Every structure is written in structure tokens, then in C-alpha cells.
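The values are calculated or read from the model by the stated rules, or taken from the named source; none is laboratory data. Small disclaimer: the values here were computed from a predicted structure and weren't measured. Glycine also receives a Cβ, built like all others from the backbone with ideal geometry; neighbour counts cover every protein chain displayed. Just so you know, the surface numbers come from the protein's heavy atoms only, side chains and all, with ligands and any DNA or RNA stripped out. Shrake-Rupley method; radii C 1.70, N 1.55, O 1.52, S 1.80 Å.
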Amino acid sequence: MVSRCTTIAFQGIQAVSVDVQVMVAPGNVGMSIVGLADKAVAESRERVQAALHASGLSMPAKKVTVNLAPADLPKEGSHYDLPIALALMAAIGAIPGDALENYVVMGELALDGTIAPVAGALPAAIGANGLNKGLICPSVSGPEAAWADPDMDVLAPRSLIAMANHFKGTQVLSRPIAGIRDGTKAHGDLSEIRGQETAKRALEVAAAGGHNLLFVGPPGSGKSMLASRLPSILPQLQPKELLEVSMIASIAGTIADGKLSSARPFRAPHHSASMAAMVGGGLKAKPGEVSMAHNGVLFLDEFPEFTPQVLDSLRQPLETGETVIARANHRVSYPSRLQLIAAMNPCRCGMAGEPGHTCRRGARCASDYQARISGPLLDRIDLRVEVPAVLASDLISPSQGESSASVAERVLKARQIQASRYGDDSLTNAVVSNTIIEKSAQPDAAGRTLLQDAANGLKFSARGYHRILKVARTLADLDGVETVGRVHLAEAISYRMAGERLTQAV
């Protein structure tokens, strides 16, 4: 007799159905697992046997064969423990034979029969819902899985015994409650920053349109402090964005206690991060920092200190909003629509251009340092702002600047204008196509003349031209006007000119 159970395998954030087949037949006593399983799945044999023994059940004195179909699909991870154990329990009559027909099962077993949490509960629940089935998952993952559908049947037992008692009707499991955690984090407030009005204005523009931003300035000028305040003025995630972000976090195993958060991701990897850590990869092709920052912010401090290969690997995600990890035996795609915020010193000693300072290596100190960033990557950064050293008068002044709350109101209004224009809450000026931005950001006559003169004089690339239009469109949205004027284009071009000086050093 063959008992069956449905589980899933992950391909990126997508859940693929896997049929777990268990046969108990005469032969040499033992248990074998087939179906292109990795080492973690092969070790399920020992965990399942120990968990059954701890639950008061014994392995049958027969040959047990477990097949994971389709056999040519790689099976990775420890979440196959529970479906194998439940299918085996159905085969030996410990639970009703038809109890598992309407469920997708996932979970890792401890040796004492308890069910440990695993990554990917939310994508698994969404995949199960697509199959018109319920989900059986660990109790810790229950609040996460409950987000898939309020009408979906979700069981989150703590142990094999609890699962068996539920199917027998002696201990009915209640549906877990969808968990949410407080999305407000201590990112600080813009009012705490003295001076740097130009940089704060650029931060507001970047937040309103989802634009990439680069701060260039000496040490101690407040570049990292400015970047860390960006989450305090960003709007919360929309439901569609929340689902995408949570699915990536679920695959990566970073959802704490199964509770989702509506705060936008803010990732700040160290400059020693490898390419696999940045764009994803490894043995199981896990999502990297660019995917973990999807619909949020990726902050790269000490920008030139990252290796050139790691920096250039960002070019595809910044352009397409997707990261593709290709391997010899499989290909995985993760969504990576992010906002890049970077900070750097003007030279290696950090003081190039400051009054009264001369670099020891002369002009090469700045040119060699800035040349670590490729021109094509700089071309993808919309706003480049020079952040001068903070003056003593700014620090002594008792007055505080504008609060994050008031800036966030203007940012939200600009985002609402863009959502109405493009018919999608998740679209901003920075990510719409060039064809759309040419129609929505048509300048007036004076603005058109200024743009043409600047393009000819500064030799903007085609990408640079369209990104200036996108920034100008955001500036017009912040002003609440429909037509992009000369003043908007002038400010957008000024944000680009600092980058043109950097490009000359590359």
C-alpha cells in the first residue's frame, strides 16, 4: 500500500508541488529516501525514526521506501521531515489514511517529536492556497502562514502527538492568528540633523520618487546619519508590496516569530560583503542583500570600499528590478526593486576639496579613489549630492530643522499623485519606463530649452537624460503641479552635475 502526502519545493519565492509517496512492503528492514534529495533530506530518515519512537510509535519491521516526486526536481532543506513522518503514520494506520488529502505539509522534526520552525511558510501557504488545499506547518510559523488567506485551513501543531490527536478528534487544533509586529523602528528624526539643508532636500526628493542617491563628503559631515533617517520619511508598504517583501524574508528565514512588518526594508551590508552575499547565491541560491531590500532601501556606506565586482553586480538589479541567479542545474529569480543610497568620501584621506587642505598624494588621491566606481553604475544614480563639513554655527544654533513627520506628509502626497497617474500603488517615477516618463514629464518651452542646452553641454547619456526627466517629474509632484517647469529641470540637472564631475575621474 502507498500513502501519499503533498509538500513543496522552493524555486526562488515560488512553491512547487512535491508528492511524497511512502510504501511499506516486505523486504530488508530499513528506510530509504529517493527523488534527488540533498543531504538534509537524506538525514530525515534518522530524525523521523527518532521522532516516531519518542511519540510512542515504532517503525514497521519491513522495508520502507519514500519517493519524492517528481524525481528530477532537486529537493533541499529539512522541511520534508514532517510530510514524510505523517505519510508513514498514515501507512501504518496511526492516523486516518485520507487525513492528509486536503493539506500541504512542511516542518522539521526534533528527536523528541516536536516540530521545529522552517523557512518559507508564507510562500508555502500561498502555494497551498493555489492548489485549493490547507497547510500543516510548525506552530511558530502559523502566524506567518495565516496571512495567505483568511479562509484557508491552517494547522500549526507543536508535535507529532498533537497532530495525531487532531486527526483522531481528541485534541482539535485552532487556526493560528495572523501576526503583525510594530513596523516603527528607531531610525531617528530629520530634526536631529543640524544644517545640511541641500542634502535633506535631496533625501526628500529621493524618498518621494524612489530615486537612487549618492552622498559625497568628508568624514563626519553626516552622510550616514542622513541615510539612516530615510526610513522615517518613507510611506509604509502597500499590501501587494508587503506580500512580496514578506515572501523573500520568509525564504531567507528572517521573519521573527512568524510576524510580518509593514515597514520598508532597510539593509546596510558591510563593505566586505561578497558577491554572493550581495546579489544572492550559495549552495541553495538564497536571496542576497539586493533582494532583501526589495521595495525598500539598500544603503552602502563607504561606497568605493566595496570591491568593483560587487558594485558592478548591482547594475542589473537597479535597471530591471530583478536578480537572476543562474547555476548549471537550475535558475532562480528574485525580485529586487530597490532604492540605492550610497555614501563616500571624496578621496582616500577624505578631505579633498576642503578649504585649507591638500591631499598628500595630490590629485591622484581623489581620482584613484573615485575610479573604483564604474561610470555605468554612477549613470544609474539619479541624485549626487556633495555634503560639506558641518559648520560650528550650525551646531551652536539652538533651532531644530523640520521633523520627519512633516517631510513624510509631503512625500506621501507625492507618492499618491504618482500612484494615481500610473494606476499602481507600487510604481514611482524612478521605476516607470522611459516611454511613460517622456509623456508624463513633458517640460514647458523654457524647460525644454534648458534641458537641450544642458544635454549638449554636459553630454548626458540617454539614461542620464531620462533620469533627469524622472527627477524633475518628482520635483513637480512635490510642488503639486502638473507641468514640469524650468525650475524643476534646473534643480534636477544640479543633482546630476556632481556626478558628472565624479565620472570624469573614472
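Testing the spin-label approximation: label points 7 Å from Cα along Cα→Cβ at Ser174 and Ala455. State their distance in nm.
6.4
Which of the three applies to the range 129-257, rounded, prolate or oblate, going by the alpha-carbon gyration tensor with a ≥ b ≥ c and a/c under 1.5 meaning rounded?
Numbers: a/c = 4.06, a/b = 3.10, b/c = 1.31.
Judged from the Cα gyration tensor, the range 129-257 comes out prolate (a/c at least 1.5, a/b above b/c).
Is the shape of the chain best called rounded, prolate or oblate, per the rule: a/c under 1.5 gives rounded, else a/b larger than b/c gives prolate, else oblate, with a ≥ b ≥ c the square roots of the Cα gyration tensor eigenvalues? Could you put the intermediate results ahead of the total?
Details: a/c = 2.58, a/b = 2.31, b/c = 1.12.
Here the chain falls in the prolate category.
With the Cα gyration tensor of the range 1-67 giving a ≥ b ≥ c as the square roots of its eigenvalues, does the rule (a/c under 1.5 for rounded; else a/b larger than b/c for prolate; else oblate) give rounded, prolate or oblate?
Taking the square roots of the gyration eigenvalues as a ≥ b ≥ c, the range 1-67 is prolate.
Evaluate the distance, in nm, between pseudo-label points positioned 7 Å from the Cα of Ser406 and of Arg360 along their respective Cα→Cβ axes.
4.5
Indicate, rounded to the nearest 5 percent, the antiparallel portion of the DSSP beta bridges found entirely in the chain. Could you put the intermediate results ahead of the total?
On the way: 26 of 55 bridges.
Approximately 45 percent, going by the DSSP bridge assignments.
Express the relative contact order of the chain as a whole percentage, based on alpha carbon pairs under 8 Å and six or more residues apart in sequence. Each step should come with its number before you reach the end.
On the way: 1027 pairs, mean separation 66.3, N = 506.
Relative contact order for the chain comes out at 13 percent.
Cysteines without a disulfide-compatible partner in the chain, using Cβ under 4.7 Å as the rule?
By the Cβ distance rule, which asks for a partner under 4.7 Å, the isolated cysteines are Cys5, Cys137, Cys349.
For the range 278-349 and the range 10-80, what is the centre-to-centre distance using only Cα atoms, to the nearest Å?
36
Computed FRET efficiency, Cβ-Cβ of Ser374 and Ala69, R0 41 Å: what is it to the nearest 0.05? Don't skip to the answer; put the middle values down first.
Details: r = 47 Å, r/R0 = 1.14.
Computed FRET efficiency for Ser374 and Ala69: 0.30.
Between Thr435 and Gln238, what length in nm is gained on full extension when 0.36 nm per residue of separation is reduced by their alpha carbon distance?
On the way: separation 197, 0.36 × 197 = 70.92 nm, distance 2.52 nm.
Stretched out fully, the Thr435 to Gln238 stretch lengthens by 68.4 nm.
Over the range 280-428, with the other protein chains present, what is the accessible area per residue in square angstrom, probe 1.4 angstrom?
On the way: 6890 Å² over 149 residues.
The answer is 46 Å² per residue.
Once you list every other residue whose beta carbon is under 11 Å from the beta carbon of Ile437, what net charge do they have if Lys and Arg are +1 and Asp and Glu are -1?
+4
Using Cα pairs closer than 8 Å and at least 6 residues apart in sequence, work out the relative contact order for the range 213-286, in percent. The partial results should precede the final answer.
Details: 26 pairs, mean separation 20.2, N = 74.
27 percent.
I'd like the FRET efficiency for Glu302 and Asn28, computed as 1/(1 + (r/R0)^6) with the beta carbon distance as r and R0 of 60 Å, rounded to 0.05.
Values: r = 61 Å, r/R0 = 1.01.
The calculated FRET efficiency here is 0.50.
Run the quick spin-label model on Arg315 and Glu46: label points 7 Å from Cα toward the beta carbon, then report their separation in nm to one decimal.
Those two pseudo-labels are separated by 4.7 nm.
Among the DSSP beta bridges whose two residues both lie in the range 246-369, what percent are antiparallel, rounded to the nearest 5?
Values: 6 of 12 bridges.
The antiparallel proportion sits near 50 percent.
Can you give me the relative contact order of the range 15-159 as a percent, contacts being Cα pairs under 8 Å and 6 or more apart? Don't jump to the answer; show the numbers that get you there.
Working: 289 pairs, mean separation 33.3, N = 145.
Over the range 15-159, the number comes to 23 percent.
Of the listed pairs Lys75/Lys286; Lys240/Lys439; Lys223/Lys459; Lys259/Lys413; Lys75/Lys284; Lys75/Lys259, which have alpha-carbon separations greater than 20 Å here?
Working: Lys75/Lys286 14 Å; Lys240/Lys439 26 Å; Lys223/Lys459 28 Å; Lys259/Lys413 29 Å; Lys75/Lys284 10 Å; Lys75/Lys259 27 Å.
Beyond 20 Å between Cα atoms: Lys240/Lys439; Lys223/Lys459; Lys259/Lys413; Lys75/Lys259.
Where Lys and Arg each count +1 and Asp and Glu each count -1, what net charge lies around Arg337 among other residues with Cβ under 11 Å from its Cβ?
Values: positive: none; negative: Glu241, Glu244, Glu319, Glu322.
Every neighbour counted, the sum reads -4.
Contour minus end-to-end for His270 and Asp444, with contour as 0.36 nm per residue of separation and end-to-end as the Cα-Cα distance? Walk me through the numbers before you get to the answer.
Working: separation 174, 0.36 × 174 = 62.64 nm, distance 4.41 nm.
Here the answer is 58.2 nm.
Given a 1.4 Å probe and every protein chain left where it sits, what share in percent of the accessible area of the chain is carbon and sulfur? Provide the component values of the computation, followed by the final result.
Details: 11440 of 21850 Å².
C and S fraction of accessible area: 52 percent.
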